[in-house]
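Structure, as structure tokens:
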Amino acid sequence: MNKTIKLAVAGAVLSAASMANAGIIIPAGEWTMDINGNVNMYASFTNYDDDALVAGHLAGGKGASKTNDDNQTLGTGLLPAWLGFTGTTRQNDLDVSFTISMQPNTSDNGTTGDTKGPLWRQAFLTFGDASWGSVKMGKDLGIFAGNAILADMTLLGVGSNAAGSGQSTTLGGIGTGYIYPAWKGQITYTTPNMNGFQAKLGITNPNQFADTDIAGATGTPASKQDRFGLEGQVEYSFAMGKVWSSFASYEVTTGATDNISYDANVIDFGASVNVGNAGITAYIYNGEGVGTTTFGGIFGGAPGGADAGVSAAGKTRDSSGGYIQGTYVIPTGTKLGVAYGVSNLDLASDESASALVVEENNRWTVGAYHPLTKHLNLVAEYNAMESTNQANTNAESQTVSLGAILFF
């Protein structure tokens, strides 16, 4: 993991599930190499309360074709297994670094166990100096909602969507409290730290999809971006925690004839505070045209989809949500936590009540994260999910997950 993610995870397990601030350090001439990552695995047991499959659901629902009320899986949690390589050096009065990482799978639903390939989430360089800031160029975690996912206690666990056997990751609090930041090609400038205040601003890759007006390609686009995406964040850190706000802005064209265009904008506010052994995180977001769970409709989701940011006619839908999380470290070193998160999606102005569009996904999480060793942490979580569509149909499910995560 890169430094940002490692420090966030270290903060998430502070005093409860400790890890080193760096991985395996190897001096290599003018460079210092940091080999780092994690391996995790969870056994999850999910029970469905309802037969209904709600469009855009995260709570599950066994569906009419399924006869079992229960599901059991083995797989990674919100964090995939991770192997990262970071090199740092100081040259010509510049701090220069690169990070490349891969995310292999610890479980696979294929009959031979060889179906899934690894994820490739990071490949970026940075250069800068403490006097004027730094520039990042390459693929890394998006800026908007980045702090939201890094402050989520289920980063060490499972959260929602554990019922998919052999999947690469679960969703944690994605779609039940915050929108997925995603891993994006970007050029981002970060200011120097000015007495705790720091800001960043970046452009992200304008994704393109198959279309007859793109040379050499045919087919109907789900969507494409008309300009660079724009994301930014301001943050103030102090002795007991930090507060922040971030935003994202995109222009999108979608539809079979490229005649549906809309703006997608979203903003959030968050705070994390630690007092003694207690910690609390509060986070909210509000957007238009961004959908829920992921940036629905912007990165390939069809307009009018169950969780898309626009209707089939291209009218934007409003979305909002947030989460509240409290943790406490008991004398054994175990961190106990409870969290509630919710993500809402409103119908567009041209839509009426429909079972094909989600209205709300919410989640309760109760977790225990115990440091068995300096690097190895045992995890137990209970997650209760509920999904409701715009026709007021509900689906509920509960998941118990037991496992371990090891950082190096």
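So that you can scan it fast, the table gives a plain yes or no per residue for (1) within 30 Å of Ala306 (Cβ to Cβ); (2) out of contact with any strand residue (DSSP E or B) (no Cβ under 8 Å at 6 or more places or on another chain):
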site	(1), (2)
Thr327	no, no
Ile330	no, no
Ala339	yes, no
Val342	yes, no
Ser352	yes, yes
Glu359	yes, no
Tyr369	no, no
Leu376	no, no
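Just to verify a result, which residue in segment 10-32, among those that are modelled with pLDDT of 50 or more and in contact with a Phe, Trp or Tyr (Cβ under 7 Å, 6 or more places away or on another chain), is surrounded by the most Cβ atoms within 10 Å (Cβ to Cβ)?
Across segment 10-32, the extreme among qualifying residues is Gly23.
Condition check for Pro206 on (1) at pLDDT below 95; (2) within 21 Å of Ile405 (Cβ to Cβ): one failure, at (2).
Among the criteria (1) at negative phi; (2) surrounded by 21 or more Cβ atoms within 10 Å (Cβ to Cβ); (3) in a loop (DSSP other than H, G, I, E, B), the one Thr281 does not fulfil is (3). Selection of segment 46-61 for residues being modelled with pLDDT of 70 or more and among the aliphatic types (A, V, I, L, M) yields Val54, Ala55, Leu58, Ala59. Checked across segment 316-325, the condition of being part of a strand (DSSP E or B) and modelled with pLDDT under 95 holds for at least one residue.
Between Ala339, Ala348, the distinction of being in a loop (DSSP other than H, G, I, E, B), aliphatic (A, V, I, L, M) and crowded, with 17+ Cβ neighbours inside 10 Å belongs to Ala348 only.
Scanning segment 99-135 for residues that are among the β-branched types (Val, Ile, Thr) and free of Cβ contacts under 8 Å to residues at least 40 places away in the same chain, we see that the one that is farthest from Gly23 (Cα to Cα) is Thr111.
The values are calculated or read from the model by the stated rules, or taken from the named source; none is laboratory data. The model shown is predicted, which means the values in this text are computed figures rather than measured ones. Quick reminder, even Gly has a Cβ in these numbers, built from the backbone with ideal geometry, and neighbours come from all protein chains shown.
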